Amino acid sequence: MKCVYLRVLSLFVLLFSVVSYAAIDTYEFNDEQTRERFHQLNGELRCPKCQNQSLGDSNSPISTDLRAQVYRLLNEGKSDQQIKDYLVERYGEYILYRPELAGHTLMLWLAPLAFLVLGLAVVLVLVIRRRNTVQSGGLDTTEQQDLEKLLADSGQGSAEATSEVESNKRD
């Protein structure tokens with residue numbers, strides 16, 4: 001019986017070890033600076049297939065191909081900007097995590113600032129309105145007469161009530 005369990009366990013280990021197998025890219029670099037540029041570019045470029053993963057984080061086949069392409073272009077002596085331009089030409093600006101500041105991307109760059117300014121303006125208007133409402137919260141003549149009448153009916157004098165209302169307004 002122990003032998004059967006051992007065989008079943010061995011079968012599961014063999015089956016699931018295939019799932020955990022993943023290809024690891026290995027690239028040889030001439031110097032440390034090129035290696036750093038490679039990793040930096042892989043972090044700055046987005047996988048065209050994946051939703052929000054960089055080339056370095058993605059395991060999709062297109063990302064593997066693009067990493068090889070970046071490696072090839074680096075070995076050809078291309079600059080980072082030339083590599084980015086080449087990939088943008090082929091895949092569009094979606095491939096860049098930080099698109100260039102241009103006329104068609106101006107809204108992308110300025111929208112957060114515009115929303116911040118708009119939010120601060122709304123908060124400022126609400127604070128000013130609230131302050132004005134609190135400061136001008138006095139009673140008009142009809143409300144003052146109604147208050148005096150209610151207080152007179154309850155047995156308090158109107159002078160006492162008025163001074164009490166005034167002190168509450170100041171608080």
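Every read-out reported here was derived from the displayed coordinates using simple, explicitly stated rules and does not represent laboratory data. Worth saying up front: this structure is predicted, and the values here are computed from it rather than measured.
What to note about this one:
- Along segment 5-10 the Karplus relation, 6.51 cos²θ - 1.76 cosθ + 1.60 evaluated at θ = phi - 60°, assigns HN-Hα couplings of 4, 5, 5, 5, 4, 4 Hz to successive residues, with x for each Gly and Pro.
- Global form of segment 23-100, assessed from the alpha-carbon gyration tensor, a/c cut-off 1.5: oblate
- Kirkwood hydrodynamic radius of segment 58-97, from inverse mean 1/r over distinct Cα pairs, in Å: 10.5
- Around the amide H of L96, modelled in the peptide plane, lie the amide H atoms of R46, all under 5 Å away and 5 or more residues distant in sequence or on another chain.
- Karplus 3J(HN,Hα) series, Hz, for segment 42-55 with 6.51 cos²θ - 1.76 cosθ + 1.60 (x for Gly, Pro): 5, x, 8, 9, 9, 5, x, 8, 6, 5, 8, 10, 7, 4
- Residues whose placed amide H lies under 5 Å from that of S54, excluding near-sequence neighbours: C47
- J(HN,Hα) series, segment 108-120, from Karplus relation 6.51 cos²θ - 1.76 cosθ + 1.60, nearest Hz, glycine and proline x: 4, 7, 8, 4, x, 5, 5, 5, 5, 5, 4, x, 5
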